[in-house]
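Let me begin by presenting the structure, written as structure tokens, before commenting on it.
The values are calculated or read from the model by the stated rules, or taken from the named source; none is laboratory data. Every value quoted in this text rests on a predicted model; they were computed, and no experiment measured them. Neighbour counts run over all protein chains shown; Cβ positions are idealised from the backbone, glycine included. Protein only, heavy atoms only, side chains kept; ligands, DNA and RNA dropped before computing areas. Shrake-Rupley method; radii C 1.70, N 1.55, O 1.52, S 1.80 Å.
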Amino acid sequence: MNKFQSFDDFVKVHGVLLAAAGIPQSLYKLLFQKLSSDTFDGGHYFQIEPIEDGRQRRLLFTSDSIAKHSNLFLVDHAWTFRLSDAYKQLCEVPGLAERMAALMCVDVDLDSAAEEAGEEDSSKLSAVEIVEREMCKVKEGRDDTRWLELEELDIDDHMLVSLDLPSKFPNLLALSLCGNNLRDVEVVSKEVTHLNNLKALWLNNNPFLEHSNSEAAIIQGCPSLEICNSKFTSNYGEWALGFCGGIYDKDNADSAHQREHPLESVTSLDLSNRFIRNLMNKAFNPEEITSLSYLNLRGNPLDQNSLNDLLQLLKGFSCLHSLEVDIPGPLGESAAEIVEALPNLSLLNGVNTSKIMEYGKSVVDSMLQPCLPEWTAGEPLTDRVINAMWLYLMTYRLADEEKIDETSVWYVMDELGSALRHSDKPNFRVSPFLYMPEGNLASAVSYSILWPIDDVREGDECTRDYLFGIGEEKQRSARLTAWFHTPKNYFIKEYEIYKNTLQSIKIASPVQGSSITSSLCRGDGRVLHVYADIPQVEKYLTRPEFVITTEPKDADIIWTSMQIDEETKKATGINDEQYINQFPFEACLVMKHHLAKTIQKAHGLVEWLQPTYNLETQLSQLIGDFHVREREKLDNLWILKPWNMARTIDTTINSNLSAIIRLMETGPKICQKYIEHPALFKGRKFDLRYIVLVRSMNPLEIFLAEVFWARLANNKYTLEKNSFDQYETHFTVMNYRGKLNHMNTPDFVKEFEKEHEVNWLDIHSRIRNMIKSAFEAAAAVHPEMHHSKSRAMYGVDVMLDSHFQPKLLEITYCPDCTRAVTYDTEAVVGGGETVKGKEFYNYIFGCLFLNETNHVSQL
């Protein structure tokens, strides 16, 4: 029920939300009226139109006109969910999967639709009937067949020979035999080589093409052939160019030959994806194609021409104003450089050249093709929706005065809102809005608000900016890859540069030197006062050398879970003579994006760190890596982790590039190659938590606690797609969610050795070396991390791959040591003594502050 008695009350409650949504103040009252009356009147102004053969929709404005900021419309949310609940909701909520599949245009099988269309065409002629029909035309003198299409007629090798095409159509210029059952390349080659005038031959989707060199054999026997399977042959010339320029087609196969310069009327020439290696051709020159104003060269290697030769050739086309090319590509690495070399251009890849020069852009492309949903026949609707939804999802996060929600809310706008396509120059804006009719978050209902930001006329397409407010400084062009086919070459090159840089880094030398730390134990017998805000320390630090104090300013040692900065020191009275359990700049280890950068800067590429990208700065390199893996058919499963969140909050696993990019919207993250084949314990995933003690960073003085523990997933491990949101299958930290199944470390090690027939001490040795290397990297890259009054404990999380090689997952400041103090355990390394849980903090403090080495070993 609406509690608002006045417009002023509405604005008072929603003022911050209205400003955050960007809604013009002039529309506040209209919004209040429509929300109060629950008015959804978009149907009177808009119409949804299917495009791309029904695989996408767009929104058209159907009213007379609408002025900028003159109206707004409520858009309902058809589906709102937390990411981990998506698959379950699609399976369980009646009608949800069907509605989402229809909205996302994945509810019809393309193959079955084509089959249905084929069934309807029962009058389709056979190959013999088509040939007889064309022969009749020849005999009657009505036509000399130059173009013949015999597609999807189930023609096999025997039938092709029996059709006797060379004798019946000796002047044939273009022949299509696509989609038949031709299997013998020798039979096909023998038949087509007798067609002496053949210029174009299409044989796509025939079995014989599966054999290597089959295309080459056909081309070799047909010296006049200019196009084979849509690719230009090395003999291409005036006919192939005329075909792409629109002067030769089925109804007009050769009449242009009658003119002296048949290509002089061509103004637009699309040569994209023709596999052209050499553009220096007698026919492709300014004297023959005198009126050329638009040229598309995308997707061609052009590797037989130099950059200078290509640019000189294109300069000769005086009318050429619009050019489309791959960037980087055969014409250069930078859009700005191409524009400088071809000053007559006004458009490069659809972008005004003046803008390219103004902003010095390297890569530009306004003619990006949309990523359309793909699926296989028979694939369940739920799986189709999960794959396609990233093209439609939007997100927000709930918050009130006290806290912000840990997980984001994702939603799909209704059919009208979801039909809004992207434009860099949109005419509408859309923003999420939480309407709170009772004045509190508990009563909130989510909508999207749509309003015009430009004047719109009848028939105009209505568009929005998918990346509103995000410019190139936030990787706008790369982020468009979530919705569009962006230039793969550019991203692959960025990745290769990045990879080569890392490979060139030499291993950093560890900081050498003798120990400089000394025991804090006082000769006069006075105790060390410890301030701790961690209950476990207060309870279990029982050694007589230490006593707990409740005042930070009175302590010799500060042991805290919060960050100590200058402001905190002033507020609490902490001074520079007190020992603190944290090192300056330790973020280089404990924040995930800094950890990867630290290791890579010191060691380059190492086997024990999975490929890791900071999505805020390295998205282009990640996209390139993804494309290379895709091209080489390698596993492409990735895990996304927030920079500085614990307990796997907002952590997701995905192999969908659109999803990976869209997930950036919920906060800064790293994207790390998922360990798809980990070592398993009785079929379950596990990781290992080690405790590292640091006395000094210069020289490096670090110790590894003998006690470590395994953390086990609850469910059997699987790579089934619908399992990636199952926390208890792919994650191992069960302290805060799921059921915790503790296993004593000696029992785990004994059973693991038996299951896999390995020696744990060999594995442990590799883990020690890896941990040491990680801290050596920090010491080498960040010498400023050292401080004489710092002593710290870190948790190091390790996973083993299927070859039992360790992989570093993360390093944690002030780790949760509940298990360490709860369970007595026998050390499986070192002396093999029983370590009592209640003594854990006694020997930790003994190592760090009294220079003891009980139950620890130096790395």
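For the reader, a short list of remarks on this structure follows.
- Distance between the stretch 741-816 and the stretch 148-186 - C-alpha centres, whole angstrom: 66
- Between residue 407 and residue 455, the simple label model (points 7 Å from Cα in the Cβ direction) yields a spacing of 4.9 nm.
- Among 769, 694, 462 the positive-end extreme of the charge dipole of the chain (Cβ point charges): 694
- Rounded accessible area of residue 318 (nearest 10 Å², 1.4 Å probe): 80
- An ellipsoid equivalent to the stretch 153-290, defined through the eigenvalues of its Cα gyration tensor, has semi-axes of 28, 16, 12 Å when rounded to whole angstrom and sorted largest first.
- The packing ranking, built from the mean of other Cβ atoms within 10 Å per residue, places the peptides 748-760, 172-184 in the order 172-184, 748-760, highest first.
- Extended-chain gain in nm, criterion 0.36 nm per residue less alpha-carbon gap, residue 108 and residue 644: 188.7 nm
- Heavy atoms of residue 449 accessible to a 1.4 Å probe, total area in Å² rounded to 10: 0
- Shown for the stretch 28-84 is the translational diffusion coefficient from the Stokes-Einstein equation, using the Kirkwood radius over Cα pairs, a temperature of 37 °C and a viscosity of 0.692 mPa s: 236 µm²/s.
- Dipole magnitude of the stretch 161-286, debye to nearest 20 (Cβ charges: Lys/Arg +1, Asp/Glu -1, about Cα centre): 160
- Local electrostatic count at residue 680 - Lys and Arg +1, Asp and Glu -1, tallied over other residues with Cβ under 9 Å: +3
- Evaluated with a Cβ-only charge set (Lys, Arg +1; Asp, Glu -1), the stretch 127-366 carries a dipole of roughly 460 debye about its Cα centre, given to the nearest 20.
- Distance between modelled label sites at residue 190 and residue 524, nm, 7 Å Cα→Cβ extension: 11.0
- Backbone N within the stretch 276-298 under 20 Å of label point (7 Å from residue 267 Cα along the Cβ vector): 285-297
- By DSSP, the beta bridges lying fully in the chain are antiparallel in about 75 percent of cases.
- Separation of alpha-carbon centers, the stretch 272-327 and the stretch 538-600, rounded to whole Å: 65
- Compactness relative to 2.2 N^0.38 Å, alpha carbon Rg of the chain: 1.20
- Most tightly packed first, judged by the mean number of other beta-carbon atoms within 10 Å of their residues, the peptides 146-153, 769-776 read 769-776, 146-153.
- Sorted from greatest to least, the principal axis extents spanned by the alpha carbons of the stretch 229-279 come out as 29, 21, 20 Å.
- Look at the dipole of the chain built from charges on Cβ: of 746, 486, 442, the Cα furthest out on the positive end belongs to 746.
- 5 Å binning of all Cα-Cα separations within the stretch 746-853, expressed as whole percents from 0 upward: 2, 9, 15, 20, 23, 17, 9, 4, 1, 0
- Net length gained if the chain between residue 355 and residue 768 were fully extended (0.36 nm per residue, minus Cα distance): 143.2 nm
- Along principal axes, Cα extents of the stretch 522-630, largest first, whole Å: 66, 29, 25
- Coordinate range along principal axes, alpha carbons of the stretch 127-366, Å, largest first: 63, 39, 27
- Percent breakdown of C-alpha pair distances by 5 Å bin, ordered from the shortest bin, for the stretch 228-344: 2, 11, 22, 26, 21, 11, 5, 2, 0
- In a reduced charge model with +1 at each Lys and Arg Cβ and -1 at each Asp and Glu Cβ, the chain shows a dipole moment near 2840 debye about its Cα centre.
- Dipole of the stretch 127-366, positive direction: furthest Cα of 328, 275, 292, with charges on the beta-carbon: 292
- Shape of the stretch 1-109, Cα gyration tensor, a/c cut at 1.5: oblate
- Averaging the sequence gap over all C-alpha pairs within less than 8 Å and six or more residues apart, then dividing by the number of residues, gives the stretch 127-366 a relative contact order of 11 percent.
- As computed over the stretch 409-550, the Cα convex hull volume per residue (Å³): 299
- Accessible surface of residue 562 - all protein chains present, 1.4 Å probe, nearest 10 Å²: 90
- Modelled spin labels at residue 502 and residue 372, positioned 7 Å past Cα toward Cβ, are 3.6 nm from each other.
- Values of log10 I(q)/I(0), in the order q = 0.12, 0.14, 0.26, 0.27 Å⁻¹, for the stretch 413-480 under a Debye, Cα-only, solvent-free model: -0.43, -0.56, -1.11, -1.15
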